[in-house]
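The values are calculated or read from the model by the stated rules, or taken from the named source; none is laboratory data. Just so you know, these numbers come straight off a predicted model, no measurement behind them. Here Cβ is always computed from backbone atoms with ideal geometry, including for glycine, and neighbour counts include all displayed protein chains.
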Amino acid sequence: MRRILILALLACSAMAHAGLFTSDSPATTRSKLRSMSAQTLTQLYHSYPASKKLLGHSVGYAVFDAFSAKFMVAGGGTGHGIAVDRRNSHVTYMDMVGAQAGFGLGAKSYRQVFVFESRGALNNFIHSGWQFGAQANASAKSGKEGADYAGAASIAPGVWMYQMTETGLAAELTLTGAKYSVDSALN
């Protein structure tokens with residue numbers, strides 16, 4: 001079982017990386033990630049206008065372009081993104097890798113936007129990385145009152161997440177076995 005999971009993760013990683021940044025220079029990759037982030041935020045603001053206010057009051061945010069695939073009992077995914085400290089506009093380039101267990105078949109491309117309300121949460125995400133464990137799924141509705149949080153899910157204290165496909169906000173936010181970390185080749 002473990003071997004299947006590892007092979008699925010490697011296959012998904014190879015597929016996702018194949019079309020994204022294989023022959024690009026680090027400068028080109030950084031430019032593509034910044035552009036992807038801007039496009040994703042524009043899409044988010046269009047779908048949920050109040051999200052602009054939420055991000056405007058945040059200490060920082062992160063935006064990821066991700067791909068995942070599942071075949072039979074195992075799956076995995078990979079992604080790239082940026083984390084932005086709004087205090088000084090510093091950008092940190094990051095990677096995401098994930099694994100899934102359980103029966104299924106399919107692949108999807110999606111974008112994630114994390115919104116950090118506290119400096120500690122942002123710093124922890126950037127400097128320590130994050131790892132979400134077994135089946136951490138969140139509904140696309142928030143438990144917090146007010147339209148500012150519409151479409152966002154609270155995934156940790158002071159951290160909100162939006163997950164979108166090309167057609168808009170995803171009905172379900174999935175963080176199963178995802179690990180976020182600094183991309184040392186781009187920073």
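From Ala66, Ala99, which residue is modelled with pLDDT under 85, more than 17 Å from Asn187 (Cβ to Cβ) and among the small types (Gly, Ala, Ser)? First the steps, then the outcome.
On the way: Ala66 fails: modelled with pLDDT under 85.
So the residue among Ala66, Ala99 that is modelled with pLDDT under 85, more than 17 Å from Asn187 (Cβ to Cβ) and among the small types (Gly, Ala, Ser) is Ala99.
Counting only residues that are of a type in the set (A, V, I, L, M) and surrounded by fewer than 23 Cβ atoms within 10 Å (Cβ to Cβ), which one in segment 34-53 is farthest from Asp95 (Cα to Cα)?
Step one: of segment 34-53, the residues of a type in the set (A, V, I, L, M) are 36, 38, 41, 44, 50.
Checking which are surrounded by fewer than 23 Cβ atoms within 10 Å (Cβ to Cβ) leaves us with 36, 38, 41, 50.
On the way: Met36: 14, Ala38: 18, Leu41: 18, Ala50: 28 Å.
Here the answer is Ala50.
Restricting to segment 165-187, name every residue that is at pLDDT below 85, touching a strand residue (DSSP E or B) at 6+ places or on another chain (Cβ under 9 Å) and not polar (S, T, N, Q). Give the steps one after another, and end with the answer.
Within segment 165-187, the first condition is being at pLDDT below 85, and the residues that meet it are 165-178.
Imposing the further condition that a residue be touching a strand residue (DSSP E or B) at 6+ places or on another chain (Cβ under 9 Å) reduces the set to 165-166, 169-178.
Glu166, Leu169, Ala170, Ala171, Glu172, Leu173, Leu175, Gly177, Ala178, listed by residue number.
Is it the case, given these coordinates, that Val84 is touching a residue at least 12 places away in the same chain (Cβ under 8 Å) and over 19 Å from Val159 (Cα atoms)?
Values: touching a residue at least 12 places away in the same chain (Cβ under 8 Å): yes; over 19 Å from Val159 (Cα atoms): no.
No: the conditions fail for Val84.
Looking only at residues in segment 51-63 that are in a strand (DSSP E or B) and free of Cβ contacts under 8 Å to residues at least 60 places away in the same chain, which one is nearest to Pro26 (Cα to Cα)? Write out each step before concluding.
Filtering segment 51-63 down to residues in a strand (DSSP E or B) leaves 60-63.
Subsequent filtering for residues that are free of Cβ contacts under 8 Å to residues at least 60 places away in the same chain retains 61, 63.
On the way: Tyr61: 22, Val63: 18 Å.
Ranking the candidates gives Val63 first.
Filter segment 108-126 down to the residues that are surrounded by fewer than 18 Cβ atoms within 10 Å (Cβ to Cβ) and among the polar types (S, T, N, Q) and list them by number. Can you show your working first?
Restricting attention to segment 108-126, the residues satisfying the condition of being surrounded by fewer than 18 Cβ atoms within 10 Å (Cβ to Cβ) are 108-109, 117-120, 123-124.
Across segment 108-126, the qualifying residues are Ser109, Ser118, Asn123, Asn124.
Looking only at segment 71-80, count how many residues are surrounded by 21 or more Cβ atoms within 10 Å (Cβ to Cβ) and out of contact with any Ser or Thr (no Cβ under 6 Å at 6 or more places or on another chain).
To start, the set of residues in segment 71-80 that are surrounded by 21 or more Cβ atoms within 10 Å (Cβ to Cβ) comprises 74-80.
Checking the rest, the ones that are also out of contact with any Ser or Thr (no Cβ under 6 Å at 6 or more places or on another chain) come to 74-76, 79-80.
Going through segment 71-80 one residue at a time, the tally reaches 5.
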